[in-house]
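Step one of this worksheet: look at the structure below.
The values are calculated or read from the model by the stated rules, or taken from the named source; none is laboratory data. Just so it is clear, the structure is predicted and the values come from calculations on it, not from any experiment. Positions of Cβ are generated from backbone atoms using ideal geometry, with glycine treated the same way; all protein chains shown enter the neighbour counts. For the accessible areas, the whole protein counts, side chains as well, though only heavy atoms, and no ligand, DNA or RNA atoms are used. Shrake-Rupley method; radii C 1.70, N 1.55, O 1.52, S 1.80 Å.
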Amino acid sequence: MSRIGKLPVGLPSGVTVDLAAGGVKVAGPKGKLQCKLPAGVKIDVSGGTLTVQRTAETREARAAHGLAQRLIANMVQGVTKGFARTLEIVGVGYRAEARGQALHLSLGFSHPILFQLPPGVEAKVDKQTVITLESTDRQLLGETAAQIRRLRPPEPYKGKGVRYSDERIRRKAGKAAGAAGGG
């Protein structure tokens, strides 16, 4: 039995789960989400909890058991609390501005970058250098944050670029540090 897959998913009040053919639809105060379940798992809703069970003991079913439980748990958390991801912009002259469903980024290129946010993702910019992305869909939020970071990834010498707020950049010594030690 999968350690992750056997954990029950608590359903808070206001959250409804609809089991469709091959998929799950979850609705709550922040919105609605749906996903297709992998083959080899079935869902039981009893009381205020949801459990995921395997229909077979094949390798694929065992692999999909924990995945299905986490997908459903993330959907339930998304429609109740939501998810947030914070990006920091480091560099002289680097800044961001949120305008509707678009981010206007100045990242040291010869032109500003217009990044269209997908539907379901909202952005707030604090102090022109901190971007907070919020969404009910965890996967979409992570993909969007990765796409923004990919526009100017942090470089190891000065640390300039777009990074996650909890990311640690491994710094390298420059040419001057190597030249000062020997010769």
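Projected onto their three principal axes, the Cα atoms of the chain cover extents of 69, 45, 23 Å, largest first.
Write down Rg/Rh for region 88-137, rounded to two decimals, with Rg from the C-alpha atoms and Rh from the Kirkwood relation over Cα pairs. Don't skip to the end; give the middle numbers.
Working: Rg = 11.0 Å, Rh = 11.3 Å.
Across region 88-137, the Cα-based Rg/Rh ratio is 0.98.
In loop segments of region 15-101 as defined by DSSP, the GluC sites (Glu not before Pro) with at most 16 further C-beta atoms inside 10 Å of their C-beta are GLU57.
How big is the dipole moment of the chain about its Cα centre under a simple scheme where the beta carbon of each Lys and Arg is +1, that of each Asp and Glu is -1, and everything else is neutral? Debye, nearest 20, please.
Details: 29 positive and 14 negative charges, 126 e Å.
For the chain, the charge dipole is close to 600 debye.
For the Cα atoms of the chain, what angle does the longest principal axis make with the long axis of helix 59-80, in degrees from 0 to 90, nearest 10? The answer is roughly 80 degrees. The lysine pair tally for the chain, using Cα distances under 18 Å and a gap of 8 or more places or different chains, is 13. Among the trypsin sites (Lys or Arg not before Pro) within region 49-97, those in coil by DSSP and having at most 15 neighbouring Cβ atoms inside 10 Å are LYS81.
Which whole-number value in Å² is the accessible area per residue of the chain, probe 1.4 Å? The partial results should precede the final answer.
Numbers: 11120 Å² over 183 residues.
Normalised by residue count, the accessible surface of the chain is 61 Å².
Under the simplified labelling scheme, the GLU143-GLN116 pair shows an inter-label distance of 1.5 nm, with each label point 7 Å from Cα along Cα→Cβ.
Along the chain, the exposed loop sites are chymotrypsin sites (Phe, Trp or Tyr not before Pro) outside DSSP states H, G, I, E and B with at most 15 other Cβ atoms within 10 Å, and the longest stretch free of them is 1-108. Full extension of the chain between LYS127 and ALA98 gives 9.3 nm of extra length, using 0.36 nm per residue less the Cα-Cα distance.
Return the Rg/Rh ratio of region 22-69 with Cα-based radii and a Kirkwood Rh. Numbers along the way, then the final one.
Values: Rg = 11.8 Å, Rh = 11.6 Å.
Here Rg/Rh amounts to 1.02.
Projecting the Cα atoms of ILE131, VAL76, ALA64 onto the dipole axis of region 60-167, where Lys and Arg carry +1 and Asp and Glu carry -1 at the beta carbon, places ILE131 farthest toward the positive end. May I ask for log10 I(q)/I(0) of region 1-81 at q = 0.20, 0.21, 0.25, 0.27 Å⁻¹, from a Debye sum over the Cα atoms as equal point scatterers with solvent left out? Cα-only, vacuum Debye calculation for region 1-81: -0.81, -0.89, -1.21, -1.37. Which residue, LEU11, LEU140, ILE43, has the largest displacement toward the positive end of the dipole of the chain when charges sit on each Cβ (Lys, Arg +1; Asp, Glu -1)? Farthest towards the positive pole: LEU140.
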